[in-house]
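The values are calculated or read from the model by the stated rules, or taken from the named source; none is laboratory data. Just so we're clear, the structure is a prediction, and the values are computed from it rather than from any experiment. In this analysis, Cβ positions are derived from the backbone assuming ideal geometry, glycine residues included, and neighbour counts consider all displayed protein chains. What goes into the accessible areas is simple: the full protein's heavy atoms, side chains included, and nothing from ligands, DNA or RNA. Shrake-Rupley method; radii C 1.70, N 1.55, O 1.52, S 1.80 Å.
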Amino acid sequence: TAIGLLIDEGKLSLDTRVVDVFKDKVSLLNAIKLKNLTIRHLLTMMSGVSFNESGAISGNDWVSGYIDSPLHFNPGTKFEYNSMNSYMLSAVVSEITGSSMEEYLKKKLFTPLGISDYIWEKCPKGITKGGWGLFMLPEDVAKIGQLYLNRGLWEGHRILSAEWVNDAT
């Protein structure tokens, strides 16, 4: 949803390359290795990044650990679930907005939907974990589901574009 909001704001596209978002953090060798990795690949779990998730949890810089990881296959050629893809999407949101994904979504999604009682875990660098670690009331999760059922509208107000809802679902 945060990625969809950024796309709706014109700050990102599905074809944005991950190395372009993190250009200051990517070595030349990694830029070559990950040159075809896009936001779309992270969202669809087709990154190809071979990543030891338990190893990342013990380190302090999960973004660098991900970027330094080898490729298992070329991005976009195969599905392979990797929850660190979701974490990287959260890191993308932080990089583009200058705030955590939790702070961004609080302003753009949670407050407009009346969601205030939640906890979202962060990594050692303060980046919202993204794909896990969110604790929220069931009725608040249902509000997000209803937003998607309403094609991005909440109580008559546009939160997400219908185009993003179609793409996401």
**Report entry** Rounded to the nearest 10 Å², the accessible area of Lys78 at probe 1.4 Å
**Finding:** 100 Å²
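Near Thr128, within a Cβ-to-Cβ distance under 15 Å, what is the net charge of the other residues, with Lys and Arg +1 and Asp and Glu -1?
It works out to a net charge of +2.
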Query raised in the report: What accessible area per residue, rounded to a whole number of Å², is obtained for the chain using a probe radius of 1.4 Å?
Result: 51 Å²
Query raised in the report: Using a 1.4 angstrom probe with every protein chain in place, what is the largest-first accessible-area order of Val141, Val19?
Result: Val141, Val19
Query raised in the report: For the range 1-45, what log10 I(q)/I(0) values come out of the Debye formula at q = 0.13, 0.18, 0.29 1/Å, with one point per alpha carbon and no solvent?
Result: -0.29, -0.54, -1.02
Query raised in the report: In debye to the nearest 20, how big a dipole does the range 93-169 give about its Cα centre with +1 on each Lys and Arg Cβ and -1 on each Asp and Glu Cβ?
Result: 120 debye
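Pop the C-beta distance of Leu28 and Thr77 into the FRET formula with R0 = 22 Å and round what comes out to the nearest 0.05.
My answer for the efficiency is 0.40.
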Requested in this report: Sticking to Cα atoms, compute the Rg of the range 39-115 to one decimal and its Dmax as the biggest Cα-Cα distance, whole number, in Å.
Outcome: 14.1, 42
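Anything over 19 Å Cα to Cα? Flag those among Lys23/Lys108; Lys107/Lys143; Lys25/Lys107; Lys33/Lys122, in the order listed.
The pairs that break the limit, which is 19 Å between Cα atoms, are Lys23/Lys108; Lys25/Lys107; Lys33/Lys122.
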**Report entry** Karplus (6.51, -1.76, 1.60) ³J(HN,Hα), θ = phi - 60°, over the range 113-129, in Hz, Gly and Pro reported as x
**Finding:** 8, x, 9, 9, 9, 8, 9, 9, 5, 10, 7, x, 8, x, 7, 4, 4
Report summary line: Rounded to two decimals, the Debye log10 I(q)/I(0) of the chain (Cα scatterers, no solvent) at q = 0.17 Å⁻¹ is -1.08
Query raised in the report: Within the range 149-169, whose backbone N sits under 12 Å from a point 7 Å along Cα→Cβ of Leu14?
Result: 163-169
Query raised in the report: Under a point-charge model restricted to the Cβ atoms of Lys and Arg (+1) and Asp and Glu (-1), what is the dipole moment magnitude of the range 4-83 relative to its Cα centre, in debye to the nearest 20?
Result: 240 debye
Requested in this report: For the range 1-123, calculate the relative contact order in percent as a whole number, restricting contacts to Cα pairs under 8 Å that are 6 or more residues apart.
Outcome: 26 percent
Report task. Quantify, in whole percent, the carbon and sulfur part of the accessible surface of the chain (1.4 Å probe; protein heavy atoms only). Result -> 53 percent
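Given +1 on the Cβ of Lys and Arg, -1 on the Cβ of Asp and Glu, and no further charges, what dipole in debye does the range 1-153 carry about its Cα centre, rounded to the nearest 20?
That gives the range 1-153 a dipole magnitude of about 320 debye.
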